[in-house]
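A short write-up of the structure that comes next.
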């Protein structure tokens with residue numbers, strides 16, 4: 001067996017030498033290895049060694065000629081059907097995988113992969129293709145022999161069944177022991193059933209004939225594609241529907257083989273092949289038969305088939321124990337069976353156990369060359385030490401990784417989900433003086449001492465949405481990395497997947513970039529852009545934007561917009577100068593800020609105009625009390641200068657829900673308060689509706705102030 005394996009040759013095609021070296025490590029003990037660093041070199045080797053190469057392990061993305069180009073050329077050279085190609089690639093999109101299969105790939109392995117699984121898949125595919133090359137010729141020869149020797153085959157029917165059953169064995173290497181075991185279990189079941197059901201006429205010779213015919217139950221699997229029949233995982237709904245057709249395809253094959261139709265028990269073969277997946281309650285396939293519509297021999301084979309499938313190891317599952325398998329059958333997990341047949345099954349269990357222990361029941365394992373060893377023996381797998389070439393290449397990669405990490409300002413880390421351990425690069429210890437290894441990191445994160453709790457929850461939600469098709473995760477977190485306080489970091493996370501069956505994330509590779517200075521600089525610039533340079537309050541644009549945003553918050557139920565104007569400011573500013581005027585405006589800003597809560601907004605929106613948004617106003621009396629207090633403070637502070645304040649108020653949502661509407665009504669109320677004599681406030685009502693409204697937030701003196709100014713100018717001109 002080992003000599004046969006050593007004669008076989010594998011062609012590894014990958015432009016990365018390390019990848020080729022790692023694959024060589026996996027296969028070099030059993031196979032001769034050819035290597036090619038691009039598609040063109042691969043084709044040269046194929047032209048020279050096509051008769052000797054058992055399989056091609058092909059990378060997708062390569063210089064000169066990529067993997068698809070190699071497949072295309074192999075098709076032109078008529079090699080695709082003869083030499084299996086297994087594509088090994090990090091690209092896992094449906095389009096790429098579909099194109100690969102359409103162009104003739106026997107299998108596609110996505111990186112990262114489980115080496116043991118890939119080794120077994122390669123071994124299986126090599127054996128399947130080896131047998132597949134002879135399958136058509138073998139079937140044709142056997143069919144011809146059947147026609148020519150019909151009489152001989154009738155006399156030696158068991159041999160005929162074994163020959164046809166071998167077709168299944170060629171197709172599915174797991175079927176070898178399964179066919180034998182189904183025969184044994186069927187014989188035991190029917191023998192027990194015959195004891196209490198003489199009406200079926202189940203003689204010993206008939207039971208023997210039926211048990212031999214049971215070998216034909218899965219003959220239709222020769223029509224099922226290899227990638228579905230031998231898939232090492234759960235079938236999709238579409239694949240399962242294809243798998244189900246093996247019952248009808250098998251009966252069609254039997255109908256086409258005239259030599260088989262001459263056999264005395266052809267009807268049993270046909271019935272078992274077509275109906276061994278029917279169920280007592282009508283829930284089976286392909287014909288949906290129920291109850292006694294299903295022949296007793298098809299029922300017996302069905303139960304035998306299920307029991308052996310449960311207790312046997314498959315590429316997609318481990319074997320269940322005898323007790324578990326029986327309980328699953330009784331619980332109806334595999335469909336509903338004839339209650340009388342179930343009773344016979346339970347009665348026959350002791351005999352079934354004796355058959356298993358005595359070696360009559362077989363367990364099988366497929367060796368590296370596809371040979372079946374019976375009974376199963378566990379062999380210790382020895383891969384030997386890594387070659388010096390592989391160790392050298394791995395050391396080079398490690399040094400490259402370390403150098404890149406040191407050259408960068410970034411902190412590289414790896415998180416292993418299985419061990420819950422976080423490991424930083426050496427730079428972490430240089431920057432913080434701490435151990436770069438964090439065992440049980442989840443426990444550390446739970447107390448929010450390392451990562452801000454709110455940010456950690458946000459990151460966790462983002463990671464839940466990560467898939468092989470959407471693998472990248474980027475976030476900004478506040479992290480207390482050195483124990484001196486939280487700082488802002490950009491975090492990039494890249495998942496590592498275990499693709500053995502269903503994709504499972506096993507670890508993350510990531511990096512941290514300190515963006516605290518950038519964050520603070522941006523916050524400062526943002527504050528400068530939003531602030532009034534004189535008073536430090538929100539400027540006109542920022543006040544508008546933040547007020548609109550606040551009003552959209554569903555938590556805000558009642559609010560008030562207050563438009564404030566400093567009375568007589570222009571006159572005082574002209575008389576005392578701009579420095580005095582600036583001092584007044586700054587003190588007004590301080591009074592307004594000290595009179596509101598931290599949840600309220602205050603902004604300077606014009607020369608001597610201010611805007612206040614009061615959150616969570618209880619009622620109209622509440623807002624009137626607040627604004628009256630501000631009026632009183634302004635009057636007290638600036639009374640000697642003749643400076644007071646006038647205020648117009650609109651209420652949310654009573655007076656409107658839109659900012660511009662509330663602003664218009666607050667402005668109209670402000671005009672009304674000016675007309676009433678200044679130094680007071682006015683809450684918008686119908687009396688304000690006809691007041692003028694300024695379309696922009698700019699300082700415009702009211703009508704009375706303009707009249708006074710014009711009178712002074714006229715007086716000055718007259719006196720001069």
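The values are calculated or read from the model by the stated rules, or taken from the named source; none is laboratory data. Fair warning: this is a prediction, and the values are worked out from it, not measured in the lab. All Cβ positions, glycine included, derive from the backbone under ideal geometry; neighbour counts span all protein chains shown.
Values computed for the structure shown
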| quantity | calculated |
| --- | --- |
| Output for the range 461-488, where each listed residue is touching a strand residue (DSSP E or B) at 6+ places or on another chain (Cβ under 9 Å), in a loop (DSSP other than H, G, I, E, B) and modelled with pLDDT of 85 or more | 480, 486 |
| Contacts under 9 angstrom Cβ, first residue in the range 90-103 being assigned by TED's automatic domain parsing to the domain that holds residue 69, partner surrounded by fewer than 14 Cβ atoms within 10 Å (Cβ to Cβ) and assigned to a helix (DSSP H, G or I), 6 or more apart | 103/75 |
| Residues (assigned to a helix (DSSP H, G or I) and more than 15 Å from residue 680 (Cβ to Cβ)) located in the range 615-635 | 620, 621, 622 |
| Residues within the range 177-223 that are in contact (Cβ under 8 Å) with a residue 40 or more places away in the chain, in contact with a helix residue (DSSP H, G or I) (Cβ under 7 Å, 6 or more places away or on another chain) and either surrounded by fewer than 17 Cβ atoms within 10 Å (Cβ to Cβ) or within 30 Å of residue 108 (Cβ to Cβ) (or both), tallied | 7 |
| Filtered residues of the range 560-597 (kept if part of a helix (DSSP H, G or I) and in contact with a helix residue (DSSP H, G or I) (Cβ under 6 Å, 6 or more places away or on another chain)) | 572, 573, 581, 591 |
| Selection within the range 507-517 - in contact (Cβ under 8 Å) with a residue 12 or more places away in the chain and surrounded by fewer than 15 Cβ atoms within 10 Å (Cβ to Cβ) | 509, 516 |
| Any hit, the range 98-109, residues being closer than 18 Å to residue 233 by Cα, in contact with a helix residue (DSSP H, G or I) (Cβ under 9 Å, 6 or more places away or on another chain), at pLDDT 75 or above and in a loop (DSSP other than H, G, I, E, B) | yes |
| The range 69-97, residues that are outside any loop (DSSP other than H, G, I, E, B) and over 27 Å from residue 47 (Cβ atoms) | 94, 95, 97 |
| Residue satisfying condition, being under 40 Å from the mean Cα position of the chain (by Cα) and surrounded by 15 or more Cβ atoms within 10 Å (Cβ to Cβ), within set 498, 553, 532 | 498 |
| Qualifying residues in the range 627-643 (those that are touching a helix residue (DSSP H, G or I) at 6+ places or on another chain (Cβ under 8 Å) and surrounded by fewer than 20 Cβ atoms within 10 Å (Cβ to Cβ)) - the one modelled with the highest pLDDT | 633 |
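Condition check ((1) touching a helix residue (DSSP H, G or I) at 6+ places or on another chain (Cβ under 8 Å); (2) modelled with pLDDT under 90; (3) on the phi > 0 side of the Ramachandran plot; (4) outside the structural domain of residue 178 (by TED's automatic domain parsing)) across all residues:
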position	(1), (2), (3), (4)
251	yes, yes, no, no
260	yes, yes, no, no
275	yes, no, no, no
280	yes, no, no, no
287	yes, no, no, no
291	no, no, yes, no
309	yes, yes, no, no
312	yes, yes, no, no
320	yes, yes, no, no
